[in-house]
Structures are given as C-alpha cells and as structure tokens.
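A.B. asks: This structure is in structure tokens; I'll ask about it shortly.
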Amino acid sequence: MLDIKFIRNNVELVTEALEKRNAKGDIDNFLKLDKSRRELIAKSEQLKKTRNEVSQEIGKLKRAKEDITHLTKEMKEVGQAIKKYDIELKDVEERLNEILLGIPNIPNEDVPVGQSEEDNREVRRWGKVRDFDFQAKAHWDLGEELGILDPKTAAKVTGTRFTFLRGLGARLERALVNFMLDLHTTEHGYKEVFPPYMVHRRSMLGTGQLPKFEEDAFKIQGSEYYMIPTAEVPVTNMYREEILDGEVLPIKHVAYSACFRAEAGSAGRDTRGLIRQHQFNKVELVKFTRPEDSYDELEKLTNSAEEVLKRLGLPYRVVVLCTGDLGFSSAKTYDIEVWMPSYDDYVEISSCSNFEEFQARRADIKYRPAKGEKAIYVHTLNGSGVAVGRTVAAIMENYQLADGSIEIPKVLVPYMGGIERITK
RNA sequence: GGAGAGAUGUCCGAGUUGGUUGAAGGAGCUGGUCUUGAAAACCAGUGAUACCGCAAGGUACCGGGGGUUCGAAUCCCUCUCUCUCCGCCA
C-alpha cells in the first residue's frame, strides 16, 4: 500500500509507475475521495468539539440543579449530524481503501522498464551447463522409472497437480529441506521459525496476496482461514502492528513450509512433473530492515539463495525483473533460475524481492530508529531459499546418468544417510 | 465442544451508582539535588499512538465492531484473544 499523502503529492509519478507496470489505478477517483474524506473529517470533528464542550457544561449545570433540557435537545441534533457525517466518512474511506489496496508498489528506479518476461535483464550466470553424451530425460520420466515420483496415485487420492514422493524421492525432498535450513541458520545468520500453514484474511491483506489475487489462494470453507501460498505470509505478519526496537534490525528469519497455490489461470502449462503443483515445499527467507539498508540486504538475501544452488552444483542465472513482470507488492525482484535440461532453458527456482515499506504499511510494522524518535515503517524483503520441489527436479535432470540413475550431489550425501545414487 | 474469569498507557495496576479520568498509584525512563564515584533517598519531567490542519489547535484511541445517552473505560449486543475447569485428541 502506498502512502495516501505520497499519492496526493506525486500524482504524475504514481501514474507513470502504474503505466510502466501495465497496471491500472483509479487515481482520479482516488483524488476526489481523498478530498471529500478530509472535508468530512473537518466537519465531523468540528461538531464533536462543540459536543464535548457542551456535554461538560451539562454535567456542571445538572449538578447545580439547573434546567438543561434546551441544551440536551440541541445536542441531540448535533449528535445526529455527527452520525450522518461519520457514516458518509466511513463509506468514503472504504472506497478509498479499496482503490489504495489495488494499487501496486512503485518499482525502484533501477528496475528495467519493460512489458513482459522477455524484457527481464540477466544479471549473472553461474555454473557450467552439462553436455549430455546420451539422451537426457525429463525428471517426470526419470521419476516414474525410478519409482520415486508418483503423480498417478496422487491423482487418485487427491487430484491433478499433486504428487506422491516415494522412497528415496521423499528422502531427497527431506534432505534438501534440512540442507537448506542448516545452511541459512548456521552460515547466513537466519533464525528458524516454523509457521502455521493457515492464516486469516488480515494476514493475506498484510503481505498483498489479497484482495487482488483471491482466486490464487485456497480458502478453507466455513472458516476465515486461507492455506498459505508461501511462508512469507505468516512470517512477515509475525510482527504485524508492532513497533520494533531499532537495535533488533535487521531481523532475519528462515522458514520451511509447504505452500498451497490454486492458480486457477495456469491450467495447461507445465502439466507434467514437479514444476507447477498445488502443493510444494519451500524454504523461505524473510527480512525486516531499516530503509537505508534494504537494497544491500536484498543483494545479500539473493546471494544466500544462490549459495544453495552453488553448493548443489546446479547451474543458474539471476535476472532482474522488468517493470511489467514485477510482482504486485515488490519494488525490485531478482529471480534465480536453475538450468532445467528438459526445458532446455532456465526455470525460476527463487524470487527475491524488496517490498520497501509497501507491506509494512499494510501490515503496520514500524521501528524506532533511536530512543525518543518517531516510529517509521521498516522495509520487508523475502526470497525463496529455495523452492524444494523444483530443486528435486533440477537435481534429477542435471545429475542423471546414462543408465537412468541419479547421482546425489556431494553436500547432500550426509543428509541422505550416505546414499550416493538413486537407482532402480 | 461445554462452564466460568478476564483484556486499561513502556510495564504492573486502580477505576462498574455514566460527567472535571487521557486516565489514580507504583515501576521504568529522562533531568536535577546529594556523593570522590555509584547505590539509596529526595525533587521535577514523561501518551515511544493515529488522523485533520499552514499554524494555533482539534479529533480519536482504556482488546475489535456496533448500540443506548446531551455525555461511556464505565450500561447493552457481538466478535476476537488469554486464563481456569470439564470433554476430546496427536
């Protein structure tokens, strides 16, 4: 959410930012509502002032046993006028808020301007893409042959876009989760949390998943709860409506969680394999920082996520998303894309964003720079560190051998109980 | 899920015959006196809030929302959360 005053004073800048994002925002209507909001507040508060004064007077007169009926009668009318203004005000504020919640964040200046994914800019590459001297297979074929990926049974039990992991497949998933958590907690200084997988509506609003993207989320029928689409939601909302001590910043959390995404619009793409599932595991990195540090922290966070792929020996590249591809709440995002032989391309495996104060304002997360100073909004950041299912897919494909078996990356062997290969 | 108790300022904690209580008292914090220094004691100050306004100033805020009233922290309704007991369960 942007600051009302900021929009009011920077109409051109905001309009321009919306255009760059191919987004719409009803700025004209916003300005009208903003104006009438302030007028209504002034009127209502003026009347409240007289009401407060006269009511006190009434108290005094009453104790002196004097007649007050003419005053109470008058105040009754004032009371009704106040009520009228307040009802009107509430309506205006609701409409204003609706517009405000629908306006995306303003991209940082150094974000490349562009229409779509095509215009994202590659920042760096790491690792050498392997040249196979045999016909490399897709992970879904390998998985079925090895008996470690079982979407058929999942379809029987639940439905499409779910997968049973079996045997060493399940073990590999678990090993990756532990490897990633260990790396981030022991070497990158993140504090581990394990969050609830369901959150209420207010939390979804806080991080910006709602109200615009209702159909992407799974909602629990008969309750107010949503299945989390990412641990970002519960972890960022941990500090909702709090004023943090400046000394505790930056706060860095790492959280493993399952993630649930309905993504109603995406049917038809990536129908095979682990790339696009309704439920997947992810290790998420979340930071709360001082505004002046947030872009440094974004670089570090991205590096922390990259380190996972480096240690696993998976080739990847980092791209900075252009304005047209940037997520709703983000001011700047790096995607980390891992090399996926079956796609003959890089596939997103992590998305690292600085939301600046966009989420903090929605969720009301502030900090006090120094004792006695006014509290201001923190900057929030997060990124996958990294998506586990896609990592399994990437390992299977990049580490496959000619006989259809899969080598386990060295760093994972201890987490696999010493197992070095997955074979039939 | 059933029965009961509660939610007040940075913290603890008064305040239910509605009015001068933005809120007693204490702690903490800040400054001062005293002291070689510190502690203790004493004195003084202290809404780390939001909104409107150029400002002066004003309004709101005693868990959230709604109601009664000229006026509500105080009365009524409702929701959320916490605690105790019972039930159920991993």
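A.B. asks: Checking the cross-link filter: which lysines have an alpha carbon closer than 19 Å to that of residue A:43, excluding same-chain neighbours under 8 positions apart?
C.D. replies: Cross-link targets: A:32, A:35, A:76, A:83, A:84, A:90.
A.B. asks: Using mean Cβ contacts within 10 Å as the protection proxy, how do A:292-300, A:350-358 order, highest first?
C.D. replies: A:350-358, A:292-300
A.B. asks: Okay, helix-only estimate at 222 nm for chain A: each DSSP H run of n ≥ 4 adds -39500 (n - 2.57), divide by all residues, round to 500 deg cm²/dmol; what do you get?
C.D. replies: Here the helix-only value at 222 nm equals -13000 deg cm²/dmol.
A.B. asks: Any chance you could get the radius of gyration and Dmax over the Cα atoms of chain A, in Å?
C.D. replies: Looking at chain A, its Cα Rg and Dmax stand at 26.8, 104 Å.
A.B. asks: Arranged from highest to lowest average of other beta-carbon atoms within 10 Å per residue, in what order do the peptides A:132-145, A:203-216 appear?
C.D. replies: A:203-216, A:132-145
A.B. asks: Which order, highest average first, do A:190-198, A:412-420 follow once you tally other Cβ atoms within 10 Å for each residue and take the mean per peptide?
C.D. replies: A:190-198, A:412-420
A.B. asks: Also: According to the square roots a ≥ b ≥ c of the eigenvalues of the Cα gyration tensor, what is the shape class of region A:317-371, taking rounded for a/c under 1.5, prolate for a/b larger than b/c otherwise, and oblate for the remainder?
C.D. replies: Prolate.
A.B. asks: Rounded to the nearest 10 degrees, what's the angle between the helix A:294-312 long axis and the longest principal axis of chain A, both from Cα atoms, 0 to 90?
C.D. replies: Approximately 20 degrees, to the nearest 10.
A.B. asks: Is the shape of region A:230-272 best called rounded, prolate or oblate, per the rule: a/c under 1.5 gives rounded, else a/b larger than b/c gives prolate, else oblate, with a ≥ b ≥ c the square roots of the Cα gyration tensor eigenvalues?
C.D. replies: Judged from the Cα gyration tensor, region A:230-272 comes out prolate (a/c at least 1.5, a/b above b/c).
A.B. asks: Further question on the same structure: Explain nothing, just compute: Karplus ³J(HN,Hα) = 6.51 cos²θ - 1.76 cosθ + 1.60, θ = phi - 60°, for every residue of region A:161-177 in order, whole Hz, x for Gly and Pro.
C.D. replies: Karplus values, whole Hz, x for Gly and Pro: 6, 10, 9, 8, 9, 10, x, 6, x, 4, 5, 4, 4, 5, 4, 5, 4.
A.B. asks: I'd like the antiparallel share, as a percent to the nearest 5, of DSSP beta bridges with both residues in chain A.
C.D. replies: 90
A.B. asks: Let me ask you something else. Setting aside same-chain residues fewer than 8 positions from residue A:287, which lysines have a Cα under 28 Å from its Cα?
C.D. replies: Within the straight-line limit of under 28 Å, residue A:287 reaches these lysines: A:5, A:20, A:191, A:212, A:219, A:252, A:300, A:310, A:332, A:366, A:371, A:374.
A.B. asks: Here's a follow-up. Thinking of region A:161-259 as a set of Cα atoms, what percent of all their pairs are more than 18 Å apart? All intermediate terms of the calculation are to be shown ahead of the outcome.
C.D. replies: Numbers: 2830 of 4851 pairs.
Here the tail beyond 18 Å accounts for 58 percent of pairs.
A.B. asks: So what are the radius of gyration and Dmax for the Cα set of region A:319-424, in Å?
C.D. replies: Reported Rg and Dmax, both Å: 20.2, 68.
No value in this document is a laboratory result; all are computed from the given coordinates. Just so it is clear, the structure is predicted and the values come from calculations on it, not from any experiment. Please note: Cβ atoms are built from the backbone with ideal geometry, for glycine as well, and neighbour counts cover all protein chains shown.
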